[in-house]
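So the structure is just underneath, and the comments pick up after that.
Read the figures in this text as sums done on the coordinates, not as results from a lab. The structure presented is a predicted model; accordingly, all values stated were derived computationally and were not measured. FYI the Cβ positions are ideal-geometry reconstructions off the backbone, even for glycines, and counts take in every protein chain you see.
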Amino acid sequence: MRSTSIIIILLLFISCGKETAKQKVIPQETNSVPPYDTIAIDSFSQGATSVDIARKIKISSLKYQDSLKQIKMKNEEEQLLKTAKEEKLNAEKKVAEAIKKTDLGKSKEKPQVTQETINP
């Protein structure tokens, strides 16, 4: 009995004192080289694009610039029309006010009837 108790105690010490080894995962560093070239190339440099593609790009950019100019000119014309219309309305208002003033002035200047105008 004594030997079994000693064996049990030894097993407890061995099992409790045992540290579990932590496994460290070390990723393998692999330097994989892509199968294609990753160097940046300027698309407008010599030899990067064909002549036809470069010509199309220039033509499309000129069309874009021309359309921007047309839009700008159209906006300017609209602004000029607005200012001309506002000036015309202001001039009409001034004329209408002047007519009202003259009408009010005429109505105030009614001839007064006096004895002198009746007996000449």
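Summary of computed values
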quantity: VAL51/ASN75 FRET efficiency (R0 35 Å; Cβ-Cβ; nearest 0.05); calculated: 0.45
quantity: Rg in Å to one decimal, and Dmax rounded to a whole Å, for the range 47-100 via C-alpha atoms; calculated: 23.4, 78
quantity: Karplus-derived 3J(HN,Hα), 6.51/-1.76/1.60, for each residue of the range 87-104, Hz, glycine and proline x; calculated: 5, 5, 5, 4, 5, 5, 5, 5, 5, 5, 5, 5, 5, 4, 5, 5, 5, 5
quantity: Contour excess over end-to-end distance, with Cα ends at TYR64 and ALA91 and 0.36 nm allotted per residue; calculated: 5.6 nm
